[in-house]
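Step one of this worksheet: look at the structure below.
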Amino acid sequence: MFSGAPSAGPALSAQDVRKHLVQGEQTRLLYSNVKAAAAVTVFAASALAYLQWTVISHTIVLSWLAYMLAVSAGRLLLASRYWRACFANRSRNIWRVAFSIGAGFAGAGWGAAGIVLYPDAHLANQVFLAFVLGGMMIGGGSVLAARPEAFLSFLIPTGLPTVVHFFWHNDEEHLAMGALAVIFTVAILFTTRSIYLTIHSSLNLQFENGALLNDLEGEREHVQMLNRDLELRVQERTEELRRAVTLLTDEITERKRAEQERARVERDLRHAQKLQAIGLLAGGIAHDFNNILTAIAGYTVLAQDLMPPDSEAYSHLEQVVKASMRAGDLVRGLLMFGRKGDHTPSLIPVAAVVTEALELLRASVPSAVEFRYSVDPDSGCVFADPGLIHQVVLNLCMNAYQAMAGGPGQLEVTLAPVEVDPAIHRPHAAIPAGRYIQLTVSDTGPGIPPKIADRVFEPFFTTKATGEGTGLGLSVVHGIVNGYDGFIRFENRQPTGTSFFVYLPRVPAENRLEAETLAPTPRGTGRILFVDDEEPIALLGARLLQQLGYTVTSKTSSVEALYLFTSAPGSFDLVITDFTMPHMNGGELIVRLKQVRADIPIILMSGFNDQVISVEESRKLGVGEYLKKPFSGVALAHAIRRVLLLADQRSA
């Protein structure tokens, strides 16, 4: 009855289309209130029947109540049919007509109550009946104000029979009550009409603005299409040149690479099989663990803001923040070992990072081991992630003092710049000579037996007893060092100890970027929509952003966030969203947001690193900044500043 697309006809004008859209939205407003209206009807009808039970025939009361319940059930069924209909069919006139008929039946029921439930000899019950009918008219007028046929079909059948009934008695009391009922009914009609006009005007304005935005979007897409055509031509020419260069290079290197490739594939296959289990485990826990770390670090910073910076509690909380960030670094290190994570390299003074790691390690070294280290502060810089360098130092030192089995011995760590001679390069390392930073970790343990020396960097290989080691420490170090174009070797002095040497490409300290100096946390103004399915993080993000001066709306459901944004796309200057969420992930949400408003700036958060989405992929979605959890409030503030500045530049 209510399905099927509208029949085709001549093309409609813009005004007709807008009128059609307004009527459809008015119909949607009517049906969105059906459940509440039915609940109120059932409650009010039951209460009225209960109070009139002693003064009106039970058969009449029960018959009237059954009628009202049947009407409410019918209206609920109609609403269910409406919401199940496809979106295009909801704007058909039949839905408005059907709704008005249902409202008329409800109004007729209340109007009938003014006659059949009217107790002639009980003034108190008469007054109560009048109040109930008046209340239903007020409520019905406000709920049905979206369409005139809806509120008229309810208000007139509700009020008119009662007015007629009052006048029919033709005595002073009833004539006065009838006059008041007339005035009340007319007032309700005029008030409801005013509400209708307001709704109609608001919807007209909304769809006019939507049409203007669509026109602008069309022009933007046309310009983008022209740009894409130009880029495609450039890419085609570039691809032709690339293929030519590739063919020439392949002809020169094919024979040598074939032999190397065979050995490498065999080695990588064994390596990949061993990494699969740890990679799946690391990827599975990374998101939840990074969410927890984000909440810990964020709420700790909020707690710090509530106490003096020179207090002892403040310094304790500072250690909590640092520990949370280090835990995030450990997750990234584990993901890198399993090739599931990305890292954020930057130009760092390696001496400061190594010193911090050694100070952290000091408390873990057994008292029987003499721990010494020498760090050259002028060692220079490396282009690396500080958390992963931190992990290299910790893994090598832990491996060293564990090799001494808790007995007396010496653990010595040195860091200094060196000029690497090609003679010390491993034949398969293929790293040129040059300036490097050398990290040396030496112990006085029993050394490495020659028969296992070639396996020390294999994943899961360990000489420790079951339950005392995983065999991942040196494997992780090897993967990190190779990832930074460095190399690692060791000298075995069995039975007097072992030394491991790590070489990382060195950048002079004077070439460090001045931007590395700490800048004050930028504040700002604007309206931000913050979306994360974890409620603690959603609350944390809202609180951090509010402290920075922004107006924040936080949502834990991507579906609700999309609905909110779609209903008012101009109400937000920025959207910050998590990636991994139920029902609709961050990538899908971004695509839908861009469809509604293409120029909305977006920041994407993720606790998975690049396991599910990389920085490059996020850029293709139109993401302005990509934040990896856990992140600090300062990092969030700077990311917001960069995105909003870029948006202002584009709109200028």
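Looking only at residues in segment 289-322 that are at pLDDT 80 or above and among the small types (Gly, Ala, Ser), the one that is farthest from Ala542 (Cα to Cα) is Ser311.
When you scan segment 525-542, do you find a residue that is at pLDDT 85 or above, aromatic (Phe, Trp, Tyr) and not in a loop (DSSP other than H, G, I, E, B), even just one?
Pass one, segment 525-542, residues at pLDDT 85 or above: 525-542.
Still in the running and aromatic (Phe, Trp, Tyr): 530.
Narrowing further to those that are not in a loop (DSSP other than H, G, I, E, B): 530.
There is at least one residue in segment 525-542 that is at pLDDT 85 or above, aromatic (Phe, Trp, Tyr) and not in a loop (DSSP other than H, G, I, E, B).
Going residue by residue through segment 47-61, is there one that turns out to be in a helix (DSSP H, G or I) and closer than 15 Å to Phe105 by Cβ? Don't jump to the end; show me each part of the working.
Step one: list which residues in segment 47-61 are in a helix (DSSP H, G or I), which gives 47-52, 58-61.
Restricting the remaining residues to those that are closer than 15 Å to Phe105 by Cβ gives none.
Looking through segment 47-61, none of the residues is in a helix (DSSP H, G or I) and closer than 15 Å to Phe105 by Cβ.
Do the conditions hold for Ser100, that is, is it in the same structural domain as Ala45 (by TED's automatic domain parsing) and over 27 Å from Ser63 (Cβ atoms)? Spelling it out, it is not the case that Ser100 is in the same structural domain as Ala45 (by TED's automatic domain parsing) and over 27 Å from Ser63 (Cβ atoms). Report whether or not Val441 is in a helix (DSSP H, G or I), modelled with pLDDT of 70 or more and surrounded by 13 or more Cβ atoms within 10 Å (Cβ to Cβ). For Val441, the condition - in a helix (DSSP H, G or I), modelled with pLDDT of 70 or more and surrounded by 13 or more Cβ atoms within 10 Å (Cβ to Cβ) - is not met.
Residue-wise test of (1) without any contact (Cβ under 8 Å) to a residue 12 or more places away in the chain; (2) polar (S, T, N, Q); (3) exposed (fewer than 11 other Cβ atoms within 10 Å of the Cβ).
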residue: Tyr196; (1), (2), (3): no, no, no
residue: Ser202; (1), (2), (3): yes, yes, no
residue: Gly218; (1), (2), (3): yes, no, yes
residue: Val223; (1), (2), (3): yes, no, yes
residue: Glu251; (1), (2), (3): yes, no, yes
residue: Gln260; (1), (2), (3): yes, yes, no
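The lone criterion from (1) touching a residue at least 40 places away in the same chain (Cβ under 8 Å); (2) in contact with a Ser or Thr (Cβ under 7 Å, 6 or more places away or on another chain) left unmet by Ala38 is number (1). Evaluate the following for Thr191: is it among the β-branched types (Val, Ile, Thr), part of a helix (DSSP H, G or I) and either modelled with pLDDT of 80 or more or not assigned by TED's automatic domain parsing to the domain that holds Lys19 (or both)? The answer is yes for Thr191.
Within the option set Pro148, Pro157, being under 25 Å from Gln23 (Cβ atoms), over 39 Å from the mean Cα position of the chain (by Cα) and surrounded by fewer than 18 Cβ atoms within 10 Å (Cβ to Cβ) holds for one residue only, Pro148. Could you list, in sequence order, all residues of segment 486-524 that are more than 29 Å from Pro377 (Cβ to Cβ), at pLDDT below 85 and either under 30 Å from the mean Cα position of the chain (by Cα) or outside any loop (DSSP other than H, G, I, E, B) (or both)? Of everything in segment 486-524, just one residue is more than 29 Å from Pro377 (Cβ to Cβ), at pLDDT below 85 and either under 30 Å from the mean Cα position of the chain (by Cα) or outside any loop (DSSP other than H, G, I, E, B) (or both), namely Asn492.
If you go through segment 117-128 and keep only what is at pLDDT below 80 and either acidic (Asp, Glu) or in a helix (DSSP H, G or I) (or both), you end up with Asp120, Leu123, Ala124, Asn125, Gln126, Val127. Got at least one residue in segment 114-122 being over 16 Å from Gly140 (Cα atoms) and either outside the structural domain of Ala36 (by TED's automatic domain parsing) or of a type in the set (Asp, Glu) (or both)? There is at least one residue in segment 114-122 that is over 16 Å from Gly140 (Cα atoms) and either outside the structural domain of Ala36 (by TED's automatic domain parsing) or of a type in the set (Asp, Glu) (or both). Count of segment 543-575 residues, restricted to those that are in contact (Cβ under 8 Å) with a residue 60 or more places away in the chain and not in a helix (DSSP H, G or I), is 4.
The values are calculated or read from the model by the stated rules, or taken from the named source; none is laboratory data. Values in this document were obtained by computation on a predicted structure and should not be read as measured data. Cβ atoms come from the backbone with ideal geometry, glycine included; neighbour counts cover every protein chain shown.
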